[in-house]
Amino acid sequence: MAVDPDVAELLAFSQEIARQLPGDFDITIAPVMDAWGFTTEERHVPAPDALAAAMALVDSEELSVDTEASAASLARAGMEVDLGAVAKGFAAREAEAAIRDAGGTSAMLDLGGNVTVIGAKEDGSPWRVAVKDPRDTGSYLCVLALTDVTLSTSGGYERYFEEDGVRYHHIIDPETGYPADSGLLSVTVVSADHLLADALSTALFVAGPAHAAGRRGGPAGGRRRRGAAFFSSAGGEQLFDRLRRLRG
């Protein structure tokens, strides 16, 4: 079916991330998000049979994308895509382009968990962006000095529900169909590539620090980018890991 060229680009980018980070990122997770009620206000732990049926529809390899023709299709009825893991990155990229087209050279865009800084501040100094503490959202873990990058944070501390005394957050592990349980409370990624920062913060949250540290090959083919990731775990460890071969 025909899709908007921007949608085709997002689908192709997301599919490539899924191929580079199998099991950690998959935009065909939408039926599972529906089963948990995260796409509505009726959030609940799904029945095992309902979850199994939804999980059977998760496979990004069954998504076909033709960016030249601006077309995409899914192999089976019932399959859906969820672009939530890249939507803010896309919005930030488009907003930055609009600002620059209008002659703007200095700005900060805060989309909630996704902050893009354009240039430096008017006095020439870098923008200072705080990384929220997931254990105390009124506080912060650190403050980063940034210029011309996007900072994206993913965590299970803002969008969740509780059932029978158990908290369930919205970042679903594509391999289990349950909220990711990697031992992390949040992941922040900084990159010059808006989409990559957004996608990787989700994928690395699912992967966990040990697995993520081995992902140095860098997802998403094309020009190479530098970036950094900041992990906050339930045990209180804080680890900066230089992701030297991020591509955008």
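Brief remarks follow.
This table checks each residue for (1) out of contact with any helix residue (DSSP H, G or I) (no Cβ under 7 Å at 6 or more places or on another chain); (2) modelled with pLDDT of 95 or more; (3) of a type outside the set (Val, Ile, Thr).
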position	(1), (2), (3)
Gly103	yes, yes, yes
Ala107	no, yes, yes
Asp110	yes, yes, yes
Gly119	yes, yes, yes
Ser125	yes, yes, yes
Arg128	yes, yes, yes
Pro134	yes, no, yes
Leu144	yes, no, yes
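- Of everything in the range 35-91 that is of a type in the set (Asp, Glu) and in contact with a strand residue (DSSP E or B) (Cβ under 8 Å, 6 or more places away or on another chain), the residue that is nearest to Ser191 (Cα to Cα) is Asp66.
- Whichever residue in the range 95-120 is without any contact (Cβ under 8 Å) to a residue 24 or more places away in the chain and within 19 Å of Val189 (Cα to Cα) and, among such residues, is surrounded by the fewest Cβ atoms within 10 Å (Cβ to Cβ): Asp110
- Of His194, His169, His211, all but one fail to be modelled with pLDDT under 90 and either surrounded by fewer than 24 Cβ atoms within 10 Å (Cβ to Cβ) or closer than 20 Å to Leu111 by Cβ (or both); the exception is His211.
- Residues of the range 165-181 classified as under 17 Å from Met55 (Cα atoms) and assigned to a strand (DSSP E or B), total: 2
- Within the range 182-206, residues that are assigned to a helix (DSSP H, G or I) reach partners that are surrounded by fewer than 24 Cβ atoms within 10 Å (Cβ to Cβ) and of a type in the set (Asp, Glu) with beta carbons closer than 6 Å, at six or more positions or on different chains, in the pairs Val206/Asp173.
- Lone unmet requirement of (1) crowded, with 18+ Cβ neighbours inside 10 Å; (2) in contact (Cβ under 8 Å) with a residue 40 or more places away in the chain; (3) out of contact with any Phe, Trp or Tyr (no Cβ under 7 Å at 6 or more places or on another chain) for Leu57: (2)
- Restricting Ala91, Ala69, Ala77 to residues that are surrounded by 15 or more Cβ atoms within 10 Å (Cβ to Cβ) and either over 23 Å from Ala203 (Cα atoms) or aliphatic (A, V, I, L, M) (or both) narrows the list to Ala91.
- Per the conditions (1) more than 21 Å from Ala180 (Cβ to Cβ); (2) touching a helix residue (DSSP H, G or I) at 6+ places or on another chain (Cβ under 8 Å); (3) among the small types (Gly, Ala, Ser), the sole criterion not satisfied by Ala2 is (2).
- Candidate set from the range 113-164 (those that are of a type in the set (D, E, K, R) and part of a loop (DSSP other than H, G, I, E, B)); member that is farthest from the chain's Cα centre (by Cα): Asp123
The values are calculated or read from the model by the stated rules, or taken from the named source; none is laboratory data. Note that the structure is predicted; figures quoted are calculated from it, not measured. Using ideal geometry, Cβ is built from the backbone for each residue, glycine included, and neighbour counts are taken over all protein chains shown.
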